[in-house]
Amino acid sequence: MKKSEKSTITVKDLCKSYGVIQASDNLNFKAEVGEVIALLGPNGAGKSTLMNMIAGYLAPTSGTIKVLGKNIAQYPIFAKAHIGFLPEGAPLYADLTVKRFLTYMAQLRGLGKEAVQKAAEIANITDVFAQKIETLSKGYQRRVGFAQSILSNPPILLLDEPTDGLDPNQKDYIRSLIKKMAKDKTIIISTHLLEEAESICNRIIVLDKGKIKSDGTLNDLLKQTKTRSIAAAFRKLTHKENPDA
């Protein structure tokens, strides 16, 4: 894919190893405003590892990551200030109310109550403001985590399984919201839901064993694999040893 010089994220020769295990193996790609990028891959492919490195929560073994042109190793605070991150499992403070949690997270970013209210309205969670997070369903907790990620209206969103635990109506709402927000943001989504990647993402990166196996539009993916569906393409790229899996 042709890229301009105004990339929001630049990943170059990125590697992460744990002893003999190579979680990320020489990854290279760029991302721009307006892109909703799906990270697809089987368990252990390196999706969450990549997201954690871009977010600055995990240091790479080698290689570089630039956020808005600045190396995150040199400018970690700058990078984190411009990224909203919904990690896997949405770690939250269970004994806080939703409002207190979001207020605390907003204060860490130097934001006021207006940001809390707006994010809660966008995530559609104002009706549980007074409840402790530990009393919420998994779906509501996921939406609280999503609200946290958009508090500062960041130009870059990293969403690890954003619709995990949501019912079908909630999934449709969050997916529509992501598509709406994408016009002025770069959004990277890690997901196991192939229909989610197909319906809301305009670019798909397939990872397997820490390597990028494909990077492009859905049509690019289908042409590369000579298949007719995203499911068939996924299987072909990630299960070569067992094509019927």
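In summary, the aspartates and glutamates within cross-link reach of Lys138, defined as a Cα separation below 13 angstrom excluding same-chain residues under 8 places away, comprise Glu88, Glu161, Asp164, Asp167. Checking the cross-link filter: which aspartates and glutamates have an alpha carbon closer than 15 Å to that of Lys118, excluding same-chain neighbours under 8 positions apart? Candidates past the 8-residue exclusion: Asp127. Tell me whether the chain comes out rounded, prolate or oblate; compute the Cα gyration tensor, take square roots of the eigenvalues as a ≥ b ≥ c, and use a/c under 1.5 as the rounded threshold. Here the chain falls in the prolate category.
Highest mean packing comes first when the peptides 220-232, 147-159 are listed by Cβ atoms within 10 Å, giving 147-159, 220-232. Rounded to the nearest 20 debye, the dipole magnitude of the range 41-168 is 400 debye, with +1 charges on Lys and Arg beta carbons, -1 on Asp and Glu beta carbons, and the Cα centre as origin. For a straight C-alpha distance cut-off of 18 angstrom, the aspartates and glutamates reachable from Lys6 (same-chain residues fewer than eight places away being disregarded) are Glu32, Glu35, Asp184.
Say the cut-off is 28 Å between C-alpha atoms; which of Lys113/Lys183; Lys70/Lys223; Lys66/Lys179; Lys80/Lys179; Lys12/Lys183 go over it? In this structure, Lys70/Lys223 lie more than 28 Å apart at Cα. For the range 1-103, the equivalent ellipsoid derived from the alpha-carbon gyration tensor has semi-axes of 25, 19, 14 Å in decreasing order.
Entry note: the range 90-153 has Rg to Rh equal to 0.91, where both radii use alpha-carbon atoms and Rh is the Kirkwood radius.
Of all DSSP-defined beta bridges confined to the chain, some 55% are antiparallel rather than parallel.
Bear in mind these aren't lab numbers, they're just calculated from the coordinates by the rules spelled out. Not measured: the values here are computed from a predicted model. Virtual Cβ from ideal backbone geometry, glycine too; neighbours counted across all protein chains shown.
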